């Protein structure tokens, strides 16, 4: 422990953040909006531990992510290897496998995950995700629902200029395995490299593909494939021409995409087919998507896909599953950059009861509790400060309404109310106080 003049360090690890009240108020507002959208679609909440056995998570994210990005450690007491959760999907698969639940099982979870990434705007080491998943349905209806939910969530948060890139792993694997003679293991290595496109750029992707031993002509053909992107209807026609219609895997992927788009109706205006989208996690098996806000350089703010084989690793029986994940930190960073969000609200407190003299504190204390019982958020001075200091505190906290209690107020059975928002001062009979405050703060 520090002693003498030593001070405890106030620095926190890189990629981790403190949030003052004004940021937490904004974050809770965003989370509340997301929860409302999830619940409207019939999803119920669950929670899983932040800590999992390393063996539970191992082998699900890809060699590079598990070597460089997962926080894992050996417990000095039990000697067991543990890891901080990297996402909310793998813990869901473990959770579901340990229970008998009615299908479809629709859950949402909002919580922190940890990644030892390189910190920058929109990319932190401790991040908040909001996930919604459906287990039990192999059909495009389930994928269309979580995509629709993602679009509704971003719209409810105030974003209008965004789009979702959509692809299907089966279309890519059909092209890669049929046209380029790559086996599934090689295709997975290619996916992981293509997934770095936004981070490292197209030339670096080309170099990495050559580095794993692919021939130059194959690499160029892969680069041509992943350059295909654009409006959904037009791109599906191009893909039908480019892909072998007799290849079962490719046909399944294309038909699945077409059914999703049909179900989305007028929301398909947010969709772009993009063959460069692969999503680097190993467990994806079908349609995949990412949401992007082009006015920012933050990267994808949401993403997801189908993972029909993941749960079987734990349960011994495959269950079809699909889900979407909204990055709360990136959504907030984007909203602040675009002026959609602000941190102007500094407190939940609505009323500050100002005590003019200590002689009247007990009456002011009683009034504060009466107001709280009536549903108002109330502060009262706990520092035995002067009236002026109490007013200065309310100003710094941006508390909108001040109620003064002194001799005059008690003798006349009134309160003096000052509304800082319009600088209006009024004397209100105690008998009418609740009605007045309801009109002032709730009306």
Original post:
Is it the case that residue 213 is in a strand (DSSP E or B) and surrounded by fewer than 19 Cβ atoms within 10 Å (Cβ to Cβ)?
Top reply: no
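Applying the selection to segment 140-165, what residues are free of Cβ contacts under 8 Å to residues at least 60 places away in the same chain and either closer than 17 Å to residue 41 by Cα or under 14 Å from the mean Cα position of the chain (by Cα) (or both)?
Within segment 140-165, the first condition is being free of Cβ contacts under 8 Å to residues at least 60 places away in the same chain, and the residues that meet it are 155, 160.
Within segment 140-165, 155 is the sole residue that qualifies.
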**OP:** Out of 427, 366, report the one residue that is loosely packed, with under 14 Cβ neighbours inside 10 Å, assigned to a helix (DSSP H, G or I) and either assigned by TED's automatic domain parsing to the domain that holds residue 29 or at pLDDT 95 or above (or both).
**Re:** 366
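Which one of these is loosely packed, with under 14 Cβ neighbours inside 10 Å, in contact (Cβ under 8 Å) with a residue 12 or more places away in the chain and either closer than 15 Å to residue 351 by Cα or over 39 Å from the mean Cα position of the chain (by Cα) (or both): 391, 384? Show your work before the answer.
Details: 391 fails: loosely packed, with under 14 Cβ neighbours inside 10 Å.
Just a single option satisfies the conditions, and that option is 384.
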Original post:
So residue 128 clears everything in (1) under 28 Å from residue 298 (Cβ atoms); (2) in a helix (DSSP H, G or I) except one condition, right? Which one?
Top reply: (2)
**OP:** Would you check which residues across segment 229-254 are modelled with pLDDT of 75 or more and more than 10 Å from residue 171 (Cβ to Cβ) and list them?
**Re:** 229, 230, 231, 232, 235, 248
Original post:
Applying the selection to segment 8-58, what residues are touching a residue at least 24 places away in the same chain (Cβ under 8 Å) and over 30 Å from residue 135 (Cα atoms)?
Top reply: 13, 14, 15, 16, 17, 21, 22, 23, 25, 26
**OP:** Scan segment 136-156 for residues that are over 16 Å from residue 265 (Cβ atoms), surrounded by fewer than 23 Cβ atoms within 10 Å (Cβ to Cβ) and in contact with a helix residue (DSSP H, G or I) (Cβ under 6 Å, 6 or more places away or on another chain) and report the count.
**Re:** 1
Subject >> Conditions (1) touching a strand residue (DSSP E or B) at 6+ places or on another chain (Cβ under 6 Å); (2) outside the structural domain of residue 307 (by TED's automatic domain parsing); (3) surrounded by 12 or more Cβ atoms within 10 Å (Cβ to Cβ); (4) not in a loop (DSSP other than H, G, I, E, B): number failed by residue 399 >> reply: (4)
Subject >> Failed item, numbered, when residue 158 is tested on (1) modelled with pLDDT of 80 or more; (2) on the phi > 0 side of the Ramachandran plot; (3) not assigned by TED's automatic domain parsing to the domain that holds residue 121 >> reply: (3)
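The values are calculated or read from the model by the stated rules, or taken from the named source; none is laboratory data. As the structure is a prediction and not an experimental result, all values here were calculated from the model. Note that each Cβ is placed from the backbone with ideal geometry, even for glycine, and that neighbours are counted across all protein chains shown.
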